[in-house]
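Structure first, then comments.
The values are calculated or read from the model by the stated rules, or taken from the named source; none is laboratory data. In this text the structure is predicted, and so the values were computed from the model without any measurement. Counting neighbours? That spans all protein chains shown, and the Cβs are built from the backbone with ideal geometry, glycine included.
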Amino acid sequence: MPIIRRLPDTLVNRIAAGEVVERPASALKELIENALDAGARNVAVRLSAGGLDGIEVTDDGCGMDPAEIALALERHATSKLPDDAIELVSTLGFRGEALPSIASVARLTIESRVPGSDEGWRMMVDHGAVAEQGPAALPPGTRIRVEELFGKVPARRKFLRSARSEYAACLDVVRRLAMARSEVGFVLEHDGRQILRLQGGDTLPARVAQIVARELASDGVLIDLQRGAARLIGVAGLPTFNRGVADHQYLFVNGRPVKDRLLIGAVRGAYADMLARDRHAVLALFLDIPPGEVDVNVHPAKTEVRFRDPAFVRGFIVSGLRYSLEAEGQRSAQAPAAPAMGNWQSEPITAPAPALASLFAREYGLSGVREAARPWRGFEGDTLAPAARAEMAEETPTPQHPLGVARGQVALTYIVAEAEDGLVIVDQHAAHERLVLERLKVAGAQGKMASSQALLIPEVVELDEPDCDRLEEASEAFAALGLMIERFGPGAMLIRAVPALLAKGSPQALLRDLADDLAANGAALLLGERLDLVLATMACHGSVRAGRALSVAEMNALLREMEITPRSGQCNHGRPTWVKLAHGDIEKLFGRR
């Protein structure tokens, strides 16, 4: 029968390491938190190969003497819990097995000196065994190096990601902890190159703007609300300043970075009626709440928390964000002038409608596709032959078309058309977004996607280094789609050409959204799925925007193309592109039935 036995300390430490140290970023988080809890005013981080080859954290905190260094490497030994009230912990962490756990799966070197001491002390632990110790020369504070992480645990080592991926995770850890402590200076170096330098003593808004997005300084609102013993502070981006993924939301509880579903849901609820479902707010929120009202010991890495009164917390965040945003009135992150909006024009379709419909039928296996009886009528600004333009000017459409004939435009967003059997209302942006996507797919199927329009002056787009890495890796696939980009330093990309179909759009906004798409899904999707995602993003940027005045000819051209385009009843995000009120429905509205 099975026999119960006590596990050796080395194995116990490795099991504990599995809870705390999942990857280099996990070890880095523990080391930086230790430095902050030690009262450091400056923290310097050095990484090698994304932390796979080496991690070094240096601080100017209170330091440790030789006896404390030895005690710190024992399990369940901590200076962060002054009494037995484990639920009232006020530091970033108290898990005593963090250092011994790291030391059990790596070569860990601790050097520390107490202020006022003549010399420091050094101790090296090699995968759980003390290798050497002795005096060390260093300024007051502590320096910890981690090398050969999982070097003797190949089963764990082989599941680590590439150096770039691990570096991106480490960068995220440093950013979140630097935001949590704006009074502390941070320096981050990777493979000998300085990535981040933040001066201590920053104000919270200044620190957030430096780390998240510089635009938040002008396109964000300050949050500072109090309700009872709870306080909510931070910076929230205006609804018009948004991103394609939720990675730009930073949430903190009592100074601790968290990724909690309740808080994420509260943010989504606060912006629910101000953002499209596929867009996400940009913000950094700090919730301070009495320690007895929150349990921080739910997750080994303390990235999740549990609130005693979750309804209060959610309501406080939702109402607080909405109040702060509404107080800003009509201020917007983007207020383009009328001439700028006039630049949004569609690109030409050279194929006549019958040929286009036949091509859709071949590509998508459609039968019974309705073919229009006359050539394609492009939007104003399209390159049409003079004869075609004359014919379009002389022609008077009739309501016999399925989507009818345009009668006007409402709020510069919706086209109102009269059909034989009722009234049709079309969302011009949603409809054209689908049409552009289908055009891009057809162009790709014909091998014409690579048609590019070179920019007169190449545009530089500043992005995070991990975003640049992902875009650089996908540059060949983008080139096949007509988007020519190249690296322009560690944190910038250069756009040389854009797809001809999207020449009138904003290259910077397009590239930022593509970077967000790759960050959210790039690693998990197959190449075909990834290209479909890119095409959908391009289509959104190449479509007619709400707010643009259209001529009657342009409106009718849009309706006619919708009638021959597959899936034109919904946009790329699942929203309907048009609705119809039948004559009977209209008569009911006026009591005629």
- Can you name the residue in the stretch 270-298 that is touching a Leu at 6+ places or on another chain (Cβ under 9 Å) and of a type in the set (Gly, Ala, Ser) and, of all such residues, is nearest to Ile211 (Cα to Cα)? Ala284
- Message: For the condition in contact with a strand residue (DSSP E or B) (Cβ under 9 Å, 6 or more places away or on another chain), surrounded by fewer than 20 Cβ atoms within 10 Å (Cβ to Cβ) and of a type in the set (A, V, I, L, M), what is the one hit in Ala270, Ala276, Ala281?
- Response: Ala276
- Message: Tally up the residues in the stretch 242-264 that are among the acidic types (Asp, Glu) and buried (at least 19 other Cβ atoms within 10 Å of the Cβ), please.
- Response: 1
- Query: Restricting the search to the stretch 501-519, which residues are at pLDDT below 75 and of a type in the set (Gly, Ala, Ser)?
  - Reply: Ala503, Gly505
- Message: Cβ-Cβ distance below 6 Å, separation of 6 or more or different chains: which pairs start in the stretch 42-70 with a residue that is part of a strand (DSSP E or B) and end on one that is of a type in the set (S, T, N, Q)?
- Response: Ala44/Thr58; Gly54/Ser48; Asp59/Thr142
- Residue hits (the stretch 482-520; under 17 Å from Leu455 (Cβ atoms) and either assigned to a helix (DSSP H, G or I) or within 14 Å of the chain's Cα centre (by Cα) (or both)) are Ala500, Leu501, Leu502, Pro507, Gln508, Ala509, Leu510, Leu511, Arg512, Leu514
- In the stretch 287-306, which residues are under 26 Å from the mean Cα position of the chain (by Cα) and either modelled with pLDDT of 80 or more or within 30 Å of Arg548 (Cα to Cα) (or both)? Leu287, Asp288, Val305, Arg306
- Picking from Ala217, Ala209, the residue that is under 17 Å from Gln249 (Cβ atoms), hydrophobic (A, V, I, L, M, F, W, C), without any contact (Cβ under 8 Å) to a residue 40 or more places away in the chain and not assigned by TED's automatic domain parsing to the domain that holds Ile32 would be Ala209
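Looking at the stretch 92-107, which of the residues that are under 33 Å from the mean Cα position of the chain (by Cα) and modelled with pLDDT of 70 or more is farthest from Ile144 (Cα to Cα)?
Among those that are under 33 Å from the mean Cα position of the chain (by Cα) and modelled with pLDDT of 70 or more, it is Leu92.
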- Please find, among Met64, Met123, the residue that is of a type in the set (A, V, I, L, M) and modelled with pLDDT of 95 or more. Met123
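Could you tell me which residue of the stretch 312-323 is nearest to the chain's Cα centre (by Cα), considering only residues that are surrounded by fewer than 20 Cβ atoms within 10 Å (Cβ to Cβ) and not charged (D, E, K, R)?
Val318
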- Query: Can you name every residue in the stretch 226-254 that is touching a residue at least 40 places away in the same chain (Cβ under 8 Å) and farther than 19 Å from Arg268 by Cβ?
  - Reply: Arg227, Ala229, Ala230, Arg231, Ile233, Asn254
- Query: When you go through (1) in a strand (DSSP E or B); (2) of a type outside the set (A, V, I, L, M, F, W, C); (3) surrounded by 20 or more Cβ atoms within 10 Å (Cβ to Cβ) one by one for Arg207, which number turns out not to apply?
  - Reply: (1)
- Subset of the stretch 156-175 (residues that are assigned to a helix (DSSP H, G or I) and either surrounded by fewer than 17 Cβ atoms within 10 Å (Cβ to Cβ) or not charged (D, E, K, R) (or both)): Arg157, Ala163, Arg164, Ser165, Tyr167, Ala168, Ala169, Cys170, Leu171, Val173, Val174
- Message: I'd like the full set of residues that are touching a helix residue (DSSP H, G or I) at 6+ places or on another chain (Cβ under 6 Å), free of Cβ contacts under 8 Å to residues at least 40 places away in the same chain and of a type in the set (A, V, I, L, M, F, W, C), limited to the stretch 157-198.
- Response: Leu198
- Query: Could you count how many residues in the stretch 261-275 are touching a residue at least 24 places away in the same chain (Cβ under 8 Å) and over 17 Å from the mean Cα position of the chain (by Cα)?
  - Reply: 5
- Message: Considering only residues that are part of a strand (DSSP E or B) and either buried (at least 21 other Cβ atoms within 10 Å of the Cβ) or free of Cβ contacts under 8 Å to residues at least 12 places away in the same chain (or both), which ones fall in the stretch 144-155?
- Response: Ile144, Val146
- Message: Looking only at the stretch 94-137, how many residues end up being part of a helix (DSSP H, G or I) and under 17 Å from Glu33 (Cα atoms)?
- Response: 6
- Ala178: passes all of (1) within 28 Å of Gly315 (Cα to Cα); (2) part of a loop (DSSP other than H, G, I, E, B) but (2)
- Condition test on Met538, is it in the same structural domain as Arg439 (by TED's automatic domain parsing) and at pLDDT 75 or above? no
